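Asks: Take this structure first; my questions come after.
The values are calculated or read from the model by the stated rules, or taken from the named source; none is laboratory data. Everything quoted here is computed from the prediction, not taken from an experiment. Methodologically, a virtual Cβ is constructed for each residue, glycine included, from the backbone with ideal geometry; neighbour enumeration extends over all protein chains shown. Side chains included, ligands, DNA and RNA excluded: accessible areas come from the protein's heavy atoms. Shrake-Rupley method; radii C 1.70, N 1.55, O 1.52, S 1.80 Å.
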Amino acid sequence: MEQRHLGRTGLRVSRIGLGTLTWGRDTDEHDAADLLKTFWEAGGTLVDTADVYGGGEAEYLLGQLVEGLVPRRDLVIATKAGSVPDPDRRFDGSRAHLLSALDASLARLGTDYVDLWQVHAFDPATPLDETLQALDIAVSSGRARYAGVSNFCGWQLAKSGTWQLAAPGIRTRLASTQMEYSLLQRGVEREVLPAALDLGIGLLPSSPLGRGVLTGKYRNATPADSRGASDHMAPFVAPYLDDAATRIVDAVTTAADGLAVTPLQVALAWIRDRPGVAAPIIGARNSQQLTAALSVEALSLPDEICQALDDVSAPVHRYPDQDWSTL
């Protein structure tokens, strides 16, 4: 699998990443082992997790599989901290919480360091410089090799990235930002992506298949074994089952038929090759699904197909997202 630099850093990652959102909850140890082995054998390196996935079980499961199944040196392990199970405060970006969470993640993962440590979301109750200082401490102490953020809007990313660049050699530059991005969700193109491109921050798209909808599996009905049919994941899928999404999925399916490939391959190839994208994060349920996704490695979409998909899925840009003088 092709390797790409993560943002304007020396860290190289596989251009498809493996997500672990369901590990330890819907994905058991056997399936997780199959997924990790399939990914590694295909040349994949980037494995993304978080301290809250499965209540910590995703990190623990990944830690159990590393070394026994896949050499630690062959993986780029990314995790996140900042989300908390508190209905009154969903995110805690304090230095105290973040660094404690990192130590707990390292213990569950069974490793001395993570390759990429990410703040899971912006915390308006904590000064931003305090949150970012935790990243500096993590990198300077060797507990993290690189740092990034997740779910930061445009101004939050721009402020964070600029702050980190203001003191080179003292603060660690942001390597990445992880955001939902797909043909069904192109909101990051308004302000987040321009900020990332300007600051040299690599984009790691989550849910690159539109929460599974872009595979076409929901076109006629909801499969009984799909996430859309599960009690806890159905609300996650439901927003992308509207008429607007249907038009986009139909266009993806038409393109796939014309290229003699699958809708999954078309949707994944489109997002993988968007400007600024380092590696879409795929959350497959089993090794068969993952193998199907990884087969996109040999596919590059023709320009006319990309343009058609761009047109049918184009987000609405109004003042002040674009050059106001043209409006």
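Asks: Which of the residues that make up region 166-185 are touching a helix residue (DSSP H, G or I) at 6+ places or on another chain (Cβ under 7 Å) and surrounded by fewer than 19 Cβ atoms within 10 Å (Cβ to Cβ)?
Replies: Listed by number, the list is empty, since nothing qualifies.
Asks: Let me ask you something else. Considering each of Leu102, Leu62 in turn, give the residue that is touching a strand residue (DSSP E or B) at 6+ places or on another chain (Cβ under 7 Å), within 25 Å of Val296 (Cα to Cα), part of a helix (DSSP H, G or I) and without any contact (Cβ under 8 Å) to a residue 60 or more places away in the chain. Spell out how you get there, then give the answer.
Replies: Numbers: Leu102 fails: within 25 Å of Val296 (Cα to Cα).
That would be Leu62, the only listed residue that is touching a strand residue (DSSP E or B) at 6+ places or on another chain (Cβ under 7 Å), within 25 Å of Val296 (Cα to Cα), part of a helix (DSSP H, G or I) and without any contact (Cβ under 8 Å) to a residue 60 or more places away in the chain.
Asks: For region 264-285, state whether one or more residues are in contact with a helix residue (DSSP H, G or I) (Cβ under 8 Å, 6 or more places away or on another chain), open to solvent by 50 Å² or more (accessible area, probe 1.4 Å) and either at pLDDT below 95 or of a type in the set (Val, Ile, Thr) (or both).
Replies: For region 264-285, residues in contact with a helix residue (DSSP H, G or I) (Cβ under 8 Å, 6 or more places away or on another chain), open to solvent by 50 Å² or more (accessible area, probe 1.4 Å) and either at pLDDT below 95 or of a type in the set (Val, Ile, Thr) (or both): present.
Asks: Still on this model: Yes or no: Ser295 open to solvent by 60 Å² or more (accessible area, probe 1.4 Å) and of a type in the set (Gly, Ala, Ser)?
Replies: no
Asks: Take region 123-137 and flag every residue that is in a helix (DSSP H, G or I) and either within 14 Å of Phe91 (Cα to Cα) or not β-branched (Val, Ile, Thr) (or both).
Replies: Leu128, Asp129, Glu130, Thr131, Leu132, Gln133, Ala134, Leu135, Asp136
Asks: If you check every pair at least six apart or on different chains, which have Cβ atoms under 9 Å apart with a residue in region 300-319 that is touching a residue at least 60 places away in the same chain (Cβ under 8 Å) and among the polar types (S, T, N, Q) first and a residue that is in a helix (DSSP H, G or I) and open to solvent by 60 Å² or more (accessible area, probe 1.4 Å) second?
Replies: Pairs found: Ser313/Arg247.
Asks: So which of Leu197, Leu204 is over 23 Å from Pro302 (Cβ atoms), surrounded by 21 or more Cβ atoms within 10 Å (Cβ to Cβ), modelled with pLDDT of 95 or more and in contact with a Pro (Cβ under 8 Å, 6 or more places away or on another chain)?
Replies: Matching residue, one of Leu197, Leu204: Leu204.
Asks: Given the conditions (1) touching a Lys or Arg at 6+ places or on another chain (Cβ under 6 Å); (2) open to solvent by 10 Å² or more (accessible area, probe 1.4 Å); (3) not small (Gly, Ala, Ser), which single one is not true for Glu59?
Replies: Result: Glu59 fails condition (2) only.
Asks: With the condition kept exactly as written, say whether any residue in region 35-47 is out of contact with any Asp or Glu (no Cβ under 9 Å at 6 or more places or on another chain), within 23 Å of Trp163 (Cα to Cα) and of a type in the set (S, T, N, Q).
Replies: No, region 35-47 contains no residue that is out of contact with any Asp or Glu (no Cβ under 9 Å at 6 or more places or on another chain), within 23 Å of Trp163 (Cα to Cα) and of a type in the set (S, T, N, Q).
Asks: Let me ask something additional. Looking at Leu75, Leu106, can you tell me which residue is buried (at least 16 other Cβ atoms within 10 Å of the Cβ), modelled with pLDDT of 95 or more and over 19 Å from the mean Cα position of the chain (by Cα)? First the steps, then the outcome.
Replies: Numbers: Leu75 fails: over 19 Å from the mean Cα position of the chain (by Cα).
Exactly one residue qualifies, and that residue is Leu106.
Asks: Output yes when any residue across region 155-176 is among the hydroxyl-bearing types (Ser, Thr, Tyr), within 18 Å of Gln118 (Cα to Cα), in contact with a strand residue (DSSP E or B) (Cβ under 9 Å, 6 or more places away or on another chain) and not in a strand (DSSP E or B), and no when none is. Please lay out each step first, then the result.
Replies: Taking region 155-176 as the starting set, the residues that turn out to be among the hydroxyl-bearing types (Ser, Thr, Tyr) are 160, 162, 172, 176.
Filter again for within 18 Å of Gln118 (Cα to Cα), leaving 160, 162, 172, 176.
If we keep only those that are in contact with a strand residue (DSSP E or B) (Cβ under 9 Å, 6 or more places away or on another chain) as well, we get 160, 172, 176.
If we keep only those that are not in a strand (DSSP E or B) too, we end up with 160, 172.
Yes, some residue in region 155-176 is among the hydroxyl-bearing types (Ser, Thr, Tyr), within 18 Å of Gln118 (Cα to Cα), in contact with a strand residue (DSSP E or B) (Cβ under 9 Å, 6 or more places away or on another chain) and not in a strand (DSSP E or B).
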